[in-house]
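The values are calculated or read from the model by the stated rules, or taken from the named source; none is laboratory data. Here the structure is a predicted model, which is why all the values come from computation and not from measurement. Cβ coordinates were reconstructed from backbone atoms using ideal geometry, including for glycine residues, and neighbour counts include every protein chain displayed. The area values use the complete protein model at the heavy-atom level, side chains included, leaving out ligands, DNA and RNA. Shrake-Rupley method; radii C 1.70, N 1.55, O 1.52, S 1.80 Å.
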Amino acid sequence: MYTNRFQVNLSGMIDILSNHLYDEKDVYIRELLQNATDAIRARKKIEPMIEGNIHVSLSGEDDAKTLIVEDNGIGLTEAEVHAFLATIANSSKGEKNFVNQAHDFIGRFGIGLLSCFIVSDEIVMISTSQKEGTTTEWRGKADGTYSVRKIGTREPGTQVFLRLREGLDGHEECYDESLLAEVLEKYGASLESAITMEVHGKERVINDWTRTFADKGALVGKSRDEILAFGERVLDTHFEDYFLIENESARTFGIAYIIPYTVQMNAVRRQTVFLNNMFVTSEARDVVPDWAFFTHCVIWTDELQPVASRESFYKNERLKEVSTELGEALKTGIEMLSDEALEKLLRTHYLGFKALASDDAKFLRLIYPYLPFRTLRGEEKLADIMEQSDTIYYTYSVDDFRQITDIARASGMTLINGGYSYDTPILQELASLDLAVSFVLIDPEDMTEKLMPVSAQEEAMYGVTITEMNKRMAEFDVTVEMKHFEPTTLPVIFIHSAATQSSRELERAKEESNAVFSDILASIQQEQAPAPLAHLYLNLDNPLIKRLFTSNKTAETLTVIVNVLYIQALLLGHYPLKKAEMDLMNKNMIHILEML
């Protein structure tokens, strides 16, 4: 049987709770607002017509400032003060059954007030219970001691006094009323009770109009200008477009603002979330899907479970469900956009929409005409590309596109470079849809059908020379062939398969690696099946090639010149040269200089 109990160092516990539990230094402001809001909500259950108000003031000189937070909530009895303020992790909000408990309150852990020791060595709370009419003063110190006494009766509510510690670093809000107002607005922008701040005897309501947006019925009735102004006020960004979103339970809803500039897909997502109208975070990462990085959402919820610090949410099944449901709401919002607005949106965030469309055929059907692709004529919208031909060809990679660009242009083909992110999956999906045009994946080797063979007479004239050239080019895994093709301005064309390119890259990696890694790559290379030879096609319709092969030069001299053209083709195709190819380029350049 267990007879011993843990001994708790209360002052050490307070240090952990006040200095290490929270990421935000100003979180004590949130805890004060939270306690006040919960108290007001509790009183409203008894007096529904009561108008909640939270009053904040900062008094005294710079070296002796006192922060005062007052509310007209339900207050605490003396027994409740002892129960809730003397027992860490106890709370006036009731049991800790997070799944089944009511969602009226924000705080659940009973440790929020202790965060005030971040800025103060002593907390004084004067609370008048609406239920009993008694007033209790509680004084707590950072060393873990506290005192309680009854004082004269006041109006129901609570006052908290924080004598701010001298020399507070990183807490400018403790000295500057304007910065304090910013912190109050950050945490309390959506709280239903008015937050009134007193500065030099003058009062102003911090959340006078922003709090109305947390009411879903009122939000739907807001004008476009009002919603955009709210986004600029809360998120400090000028937005031009937005959607209203809501999940299936209707307990999570919000505004999805479209970020007006291009952002990287791996950028930190910025989603601002309010739990029971209290600000939780501006950098929530799991409340909306990853693909929605082009939005900054303001979300209100009462169904997600906060972690102990109430600065983020537990990654549980409900969070996943809410994220998925809000994603569907975002898609619906996009579908309701006008053509002009959708085109503008895609122009800015096309990569994100391609990511979404590549995994959602229904969504792809909606937006495909507006998606941009790289073609022989530069970047074009797919709707414009589809007007050019009944058959649209696309390549699997950027490398494939480069290989066949000149021949495709000369042949009048409509060709898309499918090597960019998400393009090939999208084009493959479009090929399966019942559209007015066909989408056909083309391999560079397929383009050899457009190269016309030489005549028997030309074969007889040049065959021996070509054979000799191939003997000299064998070490580069390239075979030389002579063809007729357009454009005639193109002397050679270099075409290879994906396997050949993979073999080239492996060979270059082996050349640039240290001995150990080079041996490993060599072993891998031996285990692979031999890659097919690349092809260097000489264009007999090109004036340079025609002149070379009718100049009575020797096969050795012609090989030198063709070697130079081969290196040129590699460089024009953006292929890094292997060591042997670099040596070949240098050697043949010297040879040509000697011939001059």
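Structure notes:
- Built amide H within the under 5 Å cut-off of VAL199, gap 5+: ARG204
- Normalised convex hull volume, the range 301-384, alpha-carbon set, Å³ per residue: 132 Å³
- Within the accessible surface of the chain, defined with a 1.4 Å probe on protein heavy atoms only, the carbon and sulfur portion equals 50 percent.
- Calculated FRET value between GLU387 and GLU481, using beta carbons and R₀ = 35 Å, to 0.05: 0.45
- Distribution of pairwise C-alpha distances over the chain, 20 Å bins, in %: 16, 32, 22, 19, 9, 1
- Above-threshold pairs, the threshold being 24 Å between Cα atoms, out of LYS45/LYS202; LYS216/LYS354; LYS131/LYS216; LYS216/LYS331: LYS45/LYS202; LYS216/LYS354; LYS131/LYS216
- Rounded accessible area per residue of the chain, 1.4 Å, Å²: 50 Å²
- Against the criterion of solvent-accessible heavy-atom surface with a 1.4 angstrom probe, GLU137, GLU594, GLU458 sort, most first, into GLU594, GLU458, GLU137.
- Cα→Cβ-extended label distance, 7 Å offset, between GLU468 and SER397, nm: 3.5 nm
- Nearest 10 degrees, 0 to 90: helix 224-235 Cα axis against the chain principal axis: 80 degrees
- Angle between the chain longest axis and helix 555-572 axis [Cα atoms, degrees, rounded to 10]: 20 degrees
- One Cα centroid belongs to the range 295-374, the other to the range 401-445; the line between them spans 28 Å.
- Taking the range 101-258 and dividing mean pair separation by its residue count, relative contact order in percent (alpha carbons under 8 Å, at least six apart): 12 percent
- Translational D in µm²/s for the range 405-498 (Stokes-Einstein at 10 °C, 1.306 mPa s, Kirkwood Rh from C-alpha pairs): 98 µm²/s
- Extension gain, ILE590 back to LEU571 (0.36 nm per residue minus Cα-Cα distance, nm): 5.0 nm
- The long axis of helix 398-411 is offset from the longest Cα principal axis of the chain by roughly 50 degrees.
- Relative contact order, percent, the range 338-452 [alpha-carbon distance under 8 Å, six or more residues apart]: 26 percent
- When you restrict to C-alpha pairs under 8 Å that are six or more residues apart and normalise by the size of the chain, the relative contact order lands at 8 percent.
- Each part gets one Cα centre, and for the range 110-172 versus the range 469-485 those centres are 88 Å apart.
- Largest-first principal axis extents, alpha carbons of the range 208-250, Å: 30, 23, 17
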